[in-house]
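Below is one structure, written out as structure tokens; the observations come after it.
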Amino acid sequence: MRPDDSRPAGDDPSPTGDAPRTVIVMGVSGTGKTSVAVPLARRLGWTFREGDDLHPQANIDKMSAQIPLTDADRWPWLRRIVEAIRTEHAAGRSVVVTCSALRRSYRDVLREADPEMVFVHLSGDAGMIAARMAGRLHFMKPDMLQSQLATLEPPADDERYVTVDISASRAEVNEKVTTALASLAGTGRPSPNPSSA
């Protein structure tokens with residue numbers, strides 16, 4: 001699957017537009033997940049949920065202290081995201097969510113909320129990502145990037161996803177996401193080696 005959505009607001013990137021849908025904007029910290037997800041949600045006319053806002057305070061405290069999260073730390077956070085998605089769907093709203101979703105097992109948990117959710121994987125050079133992290137105010141500091149990159153398991157061909165290179169300008173990245181999602185809607189299934197350079 002590929003994320004590139006260049007369609008007007010309110011268009012649904014899934015082949016079944018009647019039921020509420022889910023797009024997860026994923027990737028390591030510093031890839032610009034929120035910067036992509038907010039305009040995407042606005043363009044689609046969907047709800048936006050910031051995954052970081054659902055972290056328990058204990059997780060934020062650990063990351064602020066440059067202590068990598070363990071799976072035991074992440075499971076409650078992922079469950080909160082699942083419940084947030086279910087709440088939006090119960091109200092009839094489709095949703096765009098930011099979440100690092102680094103491992104396949106984490107994405108499997110998220111799919112409990114919507115087996116047909118699409119993951120938009122933002123990917124880029126580690127040096128560029130680190131430079132971006134150094135220039136922002138966030139509890140996740142550049143020193144934590146290597147642990148996230150070591151944890152990352154990119155989506156597999158049997159998952160519904162699109163990969164977008166973030167090296168272009170923000171506007172170009174957003175356009176790539178729009179175009180890829182539109183392409184995915186046309187196929188209704190994962191495509192081999194999905195990516196958008």
Open item on the list: I need a count of the residues in the stretch 1-42 that are modelled with pLDDT of 50 or more, within 21 Å of Ser123 (Cβ to Cβ) and not in a loop (DSSP other than H, G, I, E, B).
Closed with: 14
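For Pro68, are the conditions met, namely being at pLDDT 90 or above, surrounded by fewer than 19 Cβ atoms within 10 Å (Cβ to Cβ) and under 25 Å from Gln146 (Cβ atoms)? Walk me through it before giving the result.
Working: at pLDDT 90 or above: no; surrounded by fewer than 19 Cβ atoms within 10 Å (Cβ to Cβ): yes; under 25 Å from Gln146 (Cβ atoms): yes.
No; evaluated as a whole, the condition is false for this residue.
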TODO: Mind telling me which of the residues Asp73, Asp61, Asp125 ends up being under 16 Å from Glu153 (Cα atoms) and of a type in the set (Asp, Glu)?
DONE: Asp125
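With respect to Ala65, determine if the residue is in contact with a Lys or Arg (Cβ under 8 Å, 6 or more places away or on another chain) and of a type in the set (Gly, Ala, Ser). Before you say what the answer is, go through the steps one by one.
Values: in contact with a Lys or Arg (Cβ under 8 Å, 6 or more places away or on another chain): no; of a type in the set (Gly, Ala, Ser): yes.
Considered against the rule, which asks whether it is in contact with a Lys or Arg (Cβ under 8 Å, 6 or more places away or on another chain) and of a type in the set (Gly, Ala, Ser), Ala65 comes out as no.
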Open item on the list: Name the residue that is surrounded by the fewest Cβ atoms within 10 Å (Cβ to Cβ), counting only residues in the stretch 28-52 that are among the charged types (D, E, K, R) and in contact with a Ser or Thr (Cβ under 9 Å, 6 or more places away or on another chain).
Closed with: Glu50
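The values are calculated or read from the model by the stated rules, or taken from the named source; none is laboratory data. Everything numeric here is computed off the predicted structure, so don't read it as measured data. Note that each Cβ is placed from the backbone with ideal geometry, even for glycine, and that neighbours are counted across all protein chains shown.
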